[in-house]
Structures are given as structure tokens and as C-alpha cells.
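Inspection log for the structure reproduced underneath, given as C-alpha cells.
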Amino acid sequence: MEQIADGMWMGRGTDVNWMLVRDGSDLTLVDAGYPADIARLEADIRSIGHDLGDIGAVLVTHAHIDHIGGLQGLLSRHDVPVLMAAQELPLATGEQEKPGSRSELMRMAWRPNVAMWLGRVIRSGALHDEPLRGAQTWSDGGPLDLPGRPVPVASPGHTPGHTAYFFPEHGVLATGDALVTAHPLTSAHTPHLLPSVFNASDAGALGALAALATVDADVIVPGHGDVWRGPIARAVELARSVPTSI
């Protein structure tokens with residue numbers, strides 16, 4: 001794992017990231033990778049002297065399989081609160097269809113980069129998107145009473161209830177897929193939006209950047225790609241200008 005700040009780390013699954021925040025003996029986990037990434041996640045937790053039982057809560061940026069799939073293995077071994085925005089809950093529980101066009105991705109499978117990526121994520125469980133049981137929403141207003149005192153930042157567009165999480169003490173913003181710094185299907189290695197094929201609303205995704213720009217952060221932990229350090233306003237400026245077609 002990469003240490004972001006004191007008591008904060010970014011880990012990597014199959015072309016996707018998660019984040020761990022420590023306060024004393026308790027951990028907050030932000031996202032959890034694909035179903036098959038649970039072994040990597042557990043190894044990351046052990047590497048900082050903890051185990052799965054030390055996770056006090058899981059924060060979900062959004063309910064796509066590459067961000068909640070690892071919770072299948074986690075919840076089978078450890079009963080832990082899983083928290084997300086109310087607008088995202090129906091996607092996680094299977095009551096509402098998740099945005100993004102799987103059929104369009106399959107039509108692009110003849111492209112080598114798409115075929116290689118699809119192969120990796122299918123092996124990691126991308127086709128085993130089970131409903132998430134027992135997920136909850138947080139109470140509105142102020143920081144959450146969790147390690148790092150995260151502040152939810154509504155950033156819908158990629159999905160209807162997409163949420164970033166701001167950790168004020170360290171100026172760190174976990175942006176999920178509202179703002180990424182790389183993805184196997186794009187050529188950019190700088191802050192940018194994901195291609196339209198993944199988004200519920202392109203206009204919403206652009207609007208989410210305005211919400212992120214208001215946060216007093218200078219470290220971005222994205223859902224995909226490397227950590228980005230610098231003013232959030234600059235990251236948003238870049239994301240608005242970088243083409244994101246596949």
C-alpha cells in the first residue's frame with residue numbers, strides 16, 4: 001500500500017483502488033474492489049498490523065462491482081456497517097439497475113485494450129454482481145463519527161448517489177469515480193472523467209466536478225489511478241479539459 005498521510009493508505013485491487021484510515025485500533029475502509037480482490041485487501045490490512053475485524057465501517061463511493069464486490073467476502077467473515085448515500089442504496093441492493101452500458105463495452109471487445117481489461121475484471125468477479133444486503137445510509141449533517149472524521153461530498157453523475165469523502169485533518173479527498181487519474185481504457189494519466197459508457201449522466205459527471213472544486217483538499221485518492229497532489233481546483237480544471245473517449 002501507499003501511505004498518503006499519517007494513518008491513511010491507498011491500496012490497489014484489479015485496476016481499482018481502496019483507502020484505509022486508522023484511528024487508534026479502528027479502521028475505516030473506503031470501497032473494497034472486485035469480489036476476487038478480498039485477498040489483496042486482507043493482505044493490505046495485515047501489512048499495517050491489523051485484520052479484517054478491525055474495520056469499524058465501510059464507506060462506499062458508489063455501487064459498481066469494482067468498488068463493492070470485495071464486500072461479499074468481507075461481510076461473510078465480519079459483520080460491519082456499510083454506509084452510502086441514500087440515492088445509491090437501491091443500486092447496491094439490486095432494486096435499481098446500475099448505470100453504465102455493458103453491451104456497449106462488449107461491442108468494443110475487439111479492441112486489444114478493452115479485451116485485456118475485460119479479461120482481467122471478469123477473472124476478478126465482474127460478472128458476479130450480487131445484491132448487497134444490510135447496507136445503510138448515514139445521517140445528514142457534518143462529519144461522520146468514524147476514523148478520520150470523513151465528510152461526505154455529494155458528487156452524482158457517474159451514478160445517481162456517487163459520493164466522495166473528504167478527510168479535513170489531512171486535506172485528503174477520496175474521489176471514487178467522480179475524478180480519476182488513470183484507467184486502462186483511457187490514455188490520460190492526469191485528473192480526468194471516466195468515458196461516457198460508464199456514467200449515468202455525462203452532464204451530471206461534469207457537474208460533480210463543481211462540487212469537488214469547493215473542497216479544501218490538496219491530495220486526491222482516486223478510484224482508479226495514482227494519488228494526485230495539488231490544489232483540487234487545478235485537478236478539476238484538468239479534468240474538464242482532458243478528452244475521455246475510449
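The values are calculated or read from the model by the stated rules, or taken from the named source; none is laboratory data. Everything quoted here is computed from the prediction, not taken from an experiment. Note that we place each Cβ from the backbone using ideal geometry, even for glycine, and neighbour counts take in every protein chain shown. Please note that ligands, DNA and RNA were not included when accessible areas were found on the heavy atoms of the full protein model with its side chains. Shrake-Rupley method; radii C 1.70, N 1.55, O 1.52, S 1.80 Å.
Confirm whether T175 is at pLDDT 95 or above, among the polar types (S, T, N, Q) and out of contact with any helix residue (DSSP H, G or I) (no Cβ under 7 Å at 6 or more places or on another chain). Spelling it out, it is not the case that T175 is at pLDDT 95 or above, among the polar types (S, T, N, Q) and out of contact with any helix residue (DSSP H, G or I) (no Cβ under 7 Å at 6 or more places or on another chain). Any residue at all in the range 80-102 that's free of Cβ contacts under 8 Å to residues at least 60 places away in the same chain, open to solvent by 10 Å² or more (accessible area, probe 1.4 Å) and over 21 Å from the mean Cα position of the chain (by Cα)? For the range 80-102, residues free of Cβ contacts under 8 Å to residues at least 60 places away in the same chain, open to solvent by 10 Å² or more (accessible area, probe 1.4 Å) and over 21 Å from the mean Cα position of the chain (by Cα): absent. The condition of being within 27 Å of M116 (Cα to Cα) and in contact with a Ser or Thr (Cβ under 7 Å, 6 or more places away or on another chain) holds for only one of T181, T175, T163, that being T181.
Here G171, G142, G148 are screened, and the one residue that is open to solvent by less than 20 Å² (accessible area, probe 1.4 Å) and among the small types (G, A, S) is G171. Checked against (1) closer than 15 Å to Y165 by Cβ; (2) out of contact with any helix residue (DSSP H, G or I) (no Cβ under 7 Å at 6 or more places or on another chain), A32 passes all but condition (2). Cβ-Cβ distances below 7 Å connect the following pairs, each with a first residue in the range 56-79 that is polar (S, T, N, Q), a second residue that is part of a helix (DSSP H, G or I), and a separation of six or more residues or different chains: T61/H67; Q72/P35. Candidates are the residues of the range 3-26 that are under 19 Å from G225 (Cα atoms) and part of a loop (DSSP other than H, G, I, E, B); the one that is most open to solvent (accessible area, probe 1.4 Å) is D15. Filtering the range 158-165 for residues that are over 14 Å from the mean Cα position of the chain (by Cα), open to solvent by less than 20 Å² (accessible area, probe 1.4 Å), of a type in the set (G, A, S) and within 23 Å of L29 (Cβ to Cβ) leaves an empty set.
Hey, could you check the range 112-135 for residues that are of a type outside the set (A, V, I, L, M) and surrounded by 13 or more Cβ atoms within 10 Å (Cβ to Cβ) and say which is farthest from the chain's Cα centre (by Cα)? Going through the qualifying residues, I end up with N113. Scanning the range 70-79 for residues that are farther than 23 Å from W9 by Cβ and either acidic (D, E) or buried (at least 24 other Cβ atoms within 10 Å of the Cβ) (or both) returns a single hit, D79. Name the single residue that is surrounded by the most Cβ atoms within 10 Å (Cβ to Cβ) among those in the range 187-238 being assigned to a loop (DSSP other than H, G, I, E, B) and either polar (S, T, N, Q) or without any contact (Cβ under 8 Å) to a residue 40 or more places away in the chain (or both). Out of the qualifying residues, it is N199. Counting the residues of the range 53-69 that are out of contact with any helix residue (DSSP H, G or I) (no Cβ under 9 Å at 6 or more places or on another chain), assigned to a helix (DSSP H, G or I) and surrounded by fewer than 22 Cβ atoms within 10 Å (Cβ to Cβ) gives 1. Of everything in the range 1-48 that is of a type in the set (K, R) and without any contact (Cβ under 8 Å) to a residue 40 or more places away in the chain, the residue that is nearest to L146 (Cα to Cα) is R46.
The test for being more than 17 Å from V58 (Cα to Cα), buried (at least 16 other Cβ atoms within 10 Å of the Cβ), touching a residue at least 40 places away in the same chain (Cβ under 8 Å) and not aromatic (F, W, Y) holds for L105. Looking at L127, L91, just one residue is modelled with pLDDT of 85 or more, within 30 Å of W138 (Cα to Cα) and in contact with a Lys or Arg (Cβ under 9 Å, 6 or more places away or on another chain), and that residue is L91.
For A32, all conditions in the list (1) open to solvent by less than 10 Å² (accessible area, probe 1.4 Å); (2) small (G, A, S); (3) at pLDDT below 95 hold save one; what is the number of the exception? Here A32 meets the rest and fails (3).
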